[in-house]
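So the structure is just underneath, and the comments pick up after that.
The values are calculated or read from the model by the stated rules, or taken from the named source; none is laboratory data. Quick caveat, the model's predicted, so the values are computed rather than measured. In this analysis, Cβ positions are derived from the backbone assuming ideal geometry, glycine residues included, and neighbour counts consider all displayed protein chains.
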Amino acid sequence: MHKAKLDRRTLLATIAALPLAACAHRLPVDAKPGIGVATFNIWHDAGGHWPVRRALLVATLRTADADVIALQEVLEDAKKGLPNQAETLARDLGYTGVHFVAPEPEDAPKRYGNAVLTRLPVIEVARRRLEPLSDYRTAIRVRVQTRSGPLDIVATHLAWQPEAAAVRAQQLGDLLAWLPADGTPLVIMGDFNAPLDDPGLAAMGPPRFTSALAPGAAPTTLNPARGHPARVIDHIFVDTAAFAVSGARVIGDTPVDGEYPSDHFGVAARLTRR
């Protein structure tokens with residue numbers, strides 16, 4: 001029997017035909033115990049396949065069923081006619097909250113940065129350019145309301161060079177000093193460009209934080225099919241005093257018709273309040 005093949009036109013047609021109301025209906029606010037979170041470096045518009053990768057990202061993120069999603073390498077480019085990718089994905093998924101940060105001015109024709117999507121009520125949003133400013137890295141904090149109370153979600157993307165552990169440490173030191181010290185539980189997600197044992201990530205270890213994806217739980221979050229070495233550099237760091245990790249997994253690591261959502265895989269986790 002001939003087996004149907006999922007091609008790019010089918011993927012795009014599926015997304016285009018999916019009503020936003022239907023998406024929202026499948027994404028009830030904070031309906032499950034705990035909270036679902038996910039992070040994904042979406043690889044901007046690289047490879048010239050953004051329409052196809054967009055469909056794959058939507059399908060992957062929908063299966064993650066996260067209440068809050070952190071995105072990195074989000075691009076908006078007026079000269080290319082490319083709307084903000086985070087806003088596009090939020091609309092496709094039916095998420096009501098989308099918040100973006102970039103080092104460029106808000107009126108710049110091209111901006112590149114991090115975003116948070118959420119289907120939870122938003123209390124406040126704060127943005128920061130991280131020290132050293134010469135590395136053009138940013139962080140965004142979105143405080144959301146959960147059944148258990150307020151929660152701060154932070155999305156960031158750190159220095160990429162393997163030898164830049166000291167820069168990553170400076171960036172995280174600046175980020176942590178910037179965050180409110182009011183006892184609000186905290187989850188920090190993103191592409192940290194380093195494995196858990198990197199000296200630059202020392203501030204994200206115990207006793208304050210736990211990695212949702214335990215050491216050795218996955219071989220890589222970089223996509224070997226895109227020429228990357230196997231390294232776990234995309235992380236969800238959880239406030240140890242506030243949450244237990246009830247499950248975590250890599251997402252977006254299976255190709256469809258030879259295409260992947262990104263040159264990274266994502267990470268999704270379910271967190272339960274202590």
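When residue 58 is tested against the conditions (1) out of contact with any Gly (no Cβ under 8 Å at 6 or more places or on another chain); (2) surrounded by 24 or more Cβ atoms within 10 Å (Cβ to Cβ); (3) over 14 Å from residue 120 (Cβ atoms), the lone failure is (2).
Modelled with pLDDT of 95 or more, of a type in the set (S, T, N, Q) and over 19 Å from the mean Cα position of the chain (by Cα): which single residue out of 240, 210, 221 fits that description?
Values: 210 fails: over 19 Å from the mean Cα position of the chain (by Cα); 221 fails: over 19 Å from the mean Cα position of the chain (by Cα).
None of the others qualify; the one that does is 240.
Here residue 47 meets the list (1) more than 27 Å from residue 239 (Cα to Cα); (2) in contact with an Asp or Glu (Cβ under 9 Å, 6 or more places away or on another chain); (3) at pLDDT 95 or above almost entirely, failing just condition (3). Considering the stretch 39-67, the residues that are part of a helix (DSSP H, G or I) and among the hydroxyl-bearing types (Ser, Thr, Tyr) include one that is nearest to residue 245 (Cα to Cα), namely 63. The condition (being outside any loop (DSSP other than H, G, I, E, B), in contact with a Gly (Cβ under 9 Å, 6 or more places away or on another chain), touching a residue at least 24 places away in the same chain (Cβ under 8 Å) and closer than 20 Å to residue 111 by Cα) is satisfied by just one residue among 159, 155: 155. Does the stretch 119-142 contain at least one residue that is among the charged types (D, E, K, R) and closer than 16 Å to residue 236 by Cα? Taking every residue of the stretch 119-142 in turn, at least one turns out to be among the charged types (D, E, K, R) and closer than 16 Å to residue 236 by Cα.
Scan the stretch 181-202 for residues that are surrounded by fewer than 21 Cβ atoms within 10 Å (Cβ to Cβ), within 20 Å of the chain's Cα centre (by Cα) and of a type in the set (A, V, I, L, M, F, W, C) and the total you get is 1. Taking strands (runs of 3 or more DSSP E) as the structural unit, those lying wholly within the stretch 197-274 and holding at least 1 residues that are basic (Lys, Arg) correspond to 243-251, 266-273. Taking strands (runs of 3 or more DSSP E) as the structural unit, those lying wholly within the stretch 68-120 and holding at least 1 residues that are in contact (Cβ under 8 Å) with a residue 60 or more places away in the chain and over 12 Å from the mean Cα position of the chain (by Cα) correspond to 110-118. The single condition among (1) under 30 Å from residue 170 (Cβ atoms); (2) touching a residue at least 24 places away in the same chain (Cβ under 8 Å); (3) part of a loop (DSSP other than H, G, I, E, B); (4) of a type in the set (A, V, I, L, M, F, W, C) that residue 123 does not meet is (3). Summed over the stretch 203-217, the residues that are closer than 15 Å to residue 249 by Cα and either in contact (Cβ under 8 Å) with a residue 40 or more places away in the chain or loosely packed, with under 13 Cβ neighbours inside 10 Å (or both) give a count of 5.
Between 168, 141, the distinction of being more than 18 Å from residue 70 (Cα to Cα) and buried (at least 19 other Cβ atoms within 10 Å of the Cβ) belongs to 168 only.
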